[in-house]
Every structure is written in C-alpha cells, then in structure tokens.
C-alpha cells in the first residue's frame, strides 16, 4: 500500500507530511482535542474523511466560526433525535446553526410547553452521554426518498436540491452536489439510532458536545413563507465549554434587563397598543421628552452644519415611486395602495428621497447653491412581516432623520468626508464611541445604473471611509439597488453591535428624476445625490440608547433631571422654589410632595432612574442649602442652592453621564 503526501495548513504555515493511504483527518490531528473537522482544499470535511495525495488540509478548531457552526449543527441533530424519541409523531423540518446557537423546526400537533423543553433537554443529555457516532452516507435521490418516505418536508428538500437557499436554512440539508444522510450510530454496537438528511460536516460523536441549553420555542412558517404550514421551532445554544455557556447566559440575562421594550414599560416611556397595530408606537410624556431632546439637539447641530429643513407628506401617488424605481424593487416592503380620486393609487411613503428630489426640481438650480443639504424628520411606513417586527428597533412606522445632499462631482469626495465626520461626531455626542465602518457594494443581480458609476462611487466611499482611521469591513453585494453605502456600526455598553448611520452615494435617482443644475459655463449638469440617515430612525436610536444606558439616561436626555425629596411636609415649598429656579434655567426638576415616606420616595425615583435627588431638611432650609443624592446611592450635603443649580446646569450642558 503506497503512502500519500498531504500539506497541513495552519494560518500562514505549511507543513508537508507523508502518511499511509487511508489515513483520516482524525488520525492526522490525533491528540488535538479541540479540532472537530478539517478543511480540505477549501471544503469542510468530517474528521473521518480519508485523505488523498496532494491535498491541503487545515484543522478546524471548535472555537472558530466554522467549528462553532459544526458544534451547533450537531447539537441541533441531537435535539431533533430527542424530540422524535419523545414525540414519535413529530415530522422534521430543518435545523441550521445560527448566530450563537441553533434551531430545529418540527411539525407537531400542538406547541411545545416549557415542561416539554425540559424533557427534551434531559433526553439530549442522555444522547450526549451515549457517545453516538455521526456517520456520513452518500445516497441517491431515489434511496433518500425511500428512506425518508415518512418525512414530507425532507422529501420537499430532496426535490429542490441544487436550488436550496441559505435564507431559509435549507442549504444545510441539500446542496447542488450529492445527497447525504447522517446516521447516529450506537457507540458500542454500531446500530442505527437516528438519521437525518444533511450535508454536514458533524462532530465525531455526541460526546464532543461540551455544553448546551434549550432557550425557547416559537411558531415559524416552513421555509419562511406565510403560504406554507406553521411549524414549531425550538431554539438552543451550544458552546465549547460550560464556562462559555454560562458567560453567554449571563450576557443574555443582562441584555434582557436592558430590553428597551421592558424598560419602555417600566419607565413609562412608550407603548405599542394593539388597537393601533404591530410596529406602530406611541410615545408617552416621559418618552416624548427624551425624543424631543434628541430631535432638538440634532436639529441644532444640523443647522450649524448648513442643512436646510424641509417637510413632506406621509402619502403620495404611486407614480412617484414608479419614477423612483421603488415599486420595481421595494413593493413587498410597502403598505398596499389606497385607490382614491377615481382609481389613482396612493401609497404611504417608505422613503423620503423621491419627495426631496421634487423639492430640488421645483425650480432651476445653480452651481452656486451646491452643495444643497435638505433635511427632514420624515415619518415613513414599511410593511415588515409580523415575525420580524421588534419593538422600536424594527417598526412599521418610524421617523428618519433623513438628509439628501446634492452636489457636483467635484464636491463629492469632500462632501462625503464632511458628512461622515459629522455623523460620527454627533453619535459621540450621544455617548456612543466604539465604531467600525462597513462598506456595502453592488449586488450583481439587483442594481440600476452603469458599472462605471458604481465603480466610481465605491472608490470614493472607500477613500472617505479609510480617512476616518476606523476598521473598514467589506459587505459584498449588500448595497441597495441605487448605490453603494457606508454603514456606521457601533458597539454598545455590553458589546452588542448595532447598525447606526448610513451614508449612501447615488448616481441613479438624479438620472431618473432628470435633476439638473446650471454649471459655471452655462451648461446643464447632473448633480450627485448623497442619502444620509444619522440615527437610522429616531425610534430605533431611542431604543439603542435606552439599552446602552440600561434606562439610566445621561441627565441631558433624562425626562426628569432631578427630583426634590422633602424630609417633611414643611420642606416642600422650599423645594418648589428651587424647582422653579431650575426651570428658569431650562432644567427639568420635579418635587415629590406625595404622602409616601422619604425612603419610599427615594426607592420610587431610583426605579425611574432619575439622575439626581435633591433632599432637603431643616438644616438645609436654615442654611439655604440642599443635599445631592446620586444614582449610586452616594450623597453630598450642604450645597448652596445657587451652586446646586449651577452644578445641574453644567452637567446637562456638558452632556456627561453621572
């Protein structure tokens, strides 16, 4: 038997090795317990794969992105086996890995209960301890149909082999190549315990699953289409160690405490009434103060940067969106038309840009007016599917801080640079500091305009992004149909990444709207258009800030900046005078004159996360002072009233957190 030569690739290092014919990847990496798979000639393989002469082999560690996906996909198989052992009538959907976890869809008679999830997790632990082997087997379409005759959803997947999509998770089951089934085999006897249609790869055995937990269940349409049957989806998570699982669960617990929907209710900021509809929020007075303060500061900064404020209606004739191309490319995301005025279709606007183009085109424009920066707090409506609507972060009606800048090609690079610098500076003013940039480029299947225009736009955006000195991450194919964009990605206080602002270059819409300006030589020229939403939407930015600060907004944004706590009834009027003086300075100070005891008042306002409590007793009244109580419970006594007012005003003016 001849030997074979393989090349072991580890990052930039290459190690050539001669091994016996029939050597598996598991034998090649024997003793390396963290290796769970191999990448052979760029393709992921099980460790049972037999190496061939001349192949390049790279070990896949369990903590790598591919390794985590393999771990979680294998755990999804264990969960599906557990479900079918406990619920034999359950039919299998799909079970892909997802960010930080996995899921599997099942067709069952009734939804799973919390007790069912506990029983499934216990059964999974039993299967894990059995050490069943994951064994790959190539099958023909005919054989697969015969073996899986009782699994209607698997039969459908076999039928779409070659066209399966990553969007609905089907590509983990079938691809364009050969069909494979993974058998779970008894560790001792080799008998078949369970099987599933799957492309793999998988861990060697179920014992290689170190730590997992089932999280929740939910309803989900088969392959994500509302036209298909409703299935039951179980979500879980799996990690390379119990410590990492615990850290993840702790992170989720902290994220749950910060959930803006929970805080919005607890702090009486906003609600989403069923009577109005999913994804359509109303802001209560306290939330309204935060929102108004956000808008007022943004308006002030935009005025300083030379933006001009405009307003546009919420609805328009459909012909406008035919002209812009939105009905061709975006109709599924729009509310259905209203037929008015003898059959004319009217739409709620999903975007403001077509209306801003009409403002530009309302009269002749000269090069002397450029760059023209139009800005609007424009409310738009997008019909998001019910399954993706999420509080204020994914809404159906929301207000964009939307700007459209019209400039010459010569001004384009400088204007983009100025815009991105302004965007980052304003985000920092709200307390966000950890950024990276993402550059979304052309989707070859979904774009309008010339290749040359896209290439020019992409090159300019790249240059502008690199000038900021922030990490730049490519997003190939991620751009909207009308132009490439830079997205500002931001990490919050607990390390989650949020997409914030977008800056998008557009050569297309000026062409579609035939926008022109008069150049210095008298010729008519086409302006360049820059789309820019700094907050993304006010609602979403409100939610991000609420979660970033865990509801404890910095004083300048807090609905109540300080509350007066009288030790006794005789101190109320003194505090009211203090609050009146504060109001004259533009500060939001209230007095709690309720019948509650002082300690209960303090607890109540701690729960409302008020930045400062102003406590007054007999000594303060006699000396003309107040006492400050901070969020952390510390206290500063004997501060003169004027000094206290100046201190509050300074903290608010400087926009600092306390």
Hey, residue 31 loosely packed, with under 12 Cβ neighbours inside 10 Å, over 40 Å from the mean Cα position of the chain (by Cα) and assigned to a loop (DSSP other than H, G, I, E, B) or not: no
Elements of type strands (runs of 3 or more DSSP E) contained in the range 434-515, each with 1 or more residues being modelled with pLDDT of 90 or more and buried (at least 21 other Cβ atoms within 10 Å of the Cβ): 434-440, 485-491, 497-506
Members of the range 186-214 found to be without any contact (Cβ under 8 Å) to a residue 40 or more places away in the chain and part of a strand (DSSP E or B), listed by number: 192, 211
Tally of residues being surrounded by 17 or more Cβ atoms within 10 Å (Cβ to Cβ) and either assigned by TED's automatic domain parsing to the domain that holds residue 427 or not in a loop (DSSP other than H, G, I, E, B) (or both) across the range 271-282: 0
Conditions (1) under 22 Å from the mean Cα position of the chain (by Cα); (2) surrounded by fewer than 19 Cβ atoms within 10 Å (Cβ to Cβ); (3) not assigned by TED's automatic domain parsing to the domain that holds residue 71; number of the one not met by residue 224: (3)
Residue ranges of helices (runs of 4 or more DSSP H) in the range 283-336 with at least 1 members in contact with a strand residue (DSSP E or B) (Cβ under 7 Å, 6 or more places away or on another chain) and surrounded by fewer than 16 Cβ atoms within 10 Å (Cβ to Cβ): 285-304
Any hit, the range 401-410, residues being surrounded by fewer than 20 Cβ atoms within 10 Å (Cβ to Cβ) and without any contact (Cβ under 8 Å) to a residue 60 or more places away in the chain: yes
Which listed residue is in contact with a helix residue (DSSP H, G or I) (Cβ under 8 Å, 6 or more places away or on another chain) and either outside any helix (DSSP H, G or I) or surrounded by fewer than 16 Cβ atoms within 10 Å (Cβ to Cβ) (or both), from 558, 582, 552, 543: 558
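Residue-by-condition table, conditions (1) in a strand (DSSP E or B); (2) modelled with pLDDT of 95 or more:
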| position | (1), (2) |
| --- | --- |
| 383 | no, no |
| 387 | no, no |
| 392 | no, yes |
| 400 | yes, yes |
| 405 | yes, yes |
| 413 | no, no |
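Yes/no matrix, rows are residues, columns are (1) in contact with a strand residue (DSSP E or B) (Cβ under 6 Å, 6 or more places away or on another chain); (2) surrounded by fewer than 19 Cβ atoms within 10 Å (Cβ to Cβ); (3) assigned by TED's automatic domain parsing to the domain that holds residue 386:
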position	(1), (2), (3)
184	yes, no, no
191	no, yes, no
198	yes, no, no
210	no, yes, no
216	yes, yes, no
229	no, yes, no
253	no, yes, no
262	no, yes, no
266	no, yes, no
Failed condition for residue 417, given (1) surrounded by fewer than 21 Cβ atoms within 10 Å (Cβ to Cβ); (2) within 26 Å of the chain's Cα centre (by Cα); (3) touching a residue at least 60 places away in the same chain (Cβ under 8 Å): (3)
Any hit, the range 61-76, residues being in a strand (DSSP E or B) and within 30 Å of residue 19 (Cα to Cα): yes
All positions within the range 614-655 that are assigned to a strand (DSSP E or B), without any contact (Cβ under 8 Å) to a residue 40 or more places away in the chain and under 40 Å from the mean Cα position of the chain (by Cα): 628, 630, 635
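Quick grid of which residues meet (1) in contact (Cβ under 8 Å) with a residue 12 or more places away in the chain; (2) buried (at least 19 other Cβ atoms within 10 Å of the Cβ); (3) not assigned by TED's automatic domain parsing to the domain that holds residue 237:
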residue: 54; (1), (2), (3): yes, no, yes
residue: 70; (1), (2), (3): yes, yes, no
residue: 80; (1), (2), (3): yes, yes, no
residue: 95; (1), (2), (3): yes, yes, no
residue: 98; (1), (2), (3): yes, no, no
Pick from the range 107-157, criterion under 32 Å from the mean Cα position of the chain (by Cα) and part of a loop (DSSP other than H, G, I, E, B), ranking: nearest to residue 194 (Cα to Cα): 108
Subset of the range 149-181 [more than 17 Å from residue 91 (Cα to Cα) and at pLDDT 95 or above]: 180
Residue 253 being in contact with a helix residue (DSSP H, G or I) (Cβ under 7 Å, 6 or more places away or on another chain) and either in a loop (DSSP other than H, G, I, E, B) or more than 25 Å from residue 138 (Cβ to Cβ) (or both): no
So residue 14, is it in a strand (DSSP E or B), surrounded by fewer than 12 Cβ atoms within 10 Å (Cβ to Cβ) and over 30 Å from the mean Cα position of the chain (by Cα): yes
Qualifying residue in the range 352-361 (condition: within 29 Å of residue 308 (Cα to Cα) and out of contact with any strand residue (DSSP E or B) (no Cβ under 9 Å at 6 or more places or on another chain)): yes
Flag for residue 373 being at pLDDT 95 or above, in a helix (DSSP H, G or I) and more than 18 Å from residue 467 (Cβ to Cβ): no
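The values are calculated or read from the model by the stated rules, or taken from the named source; none is laboratory data. All values reported here derive from a predicted model rather than from experimental measurement. Using ideal geometry, Cβ is built from the backbone for each residue, glycine included, and neighbour counts are taken over all protein chains shown.
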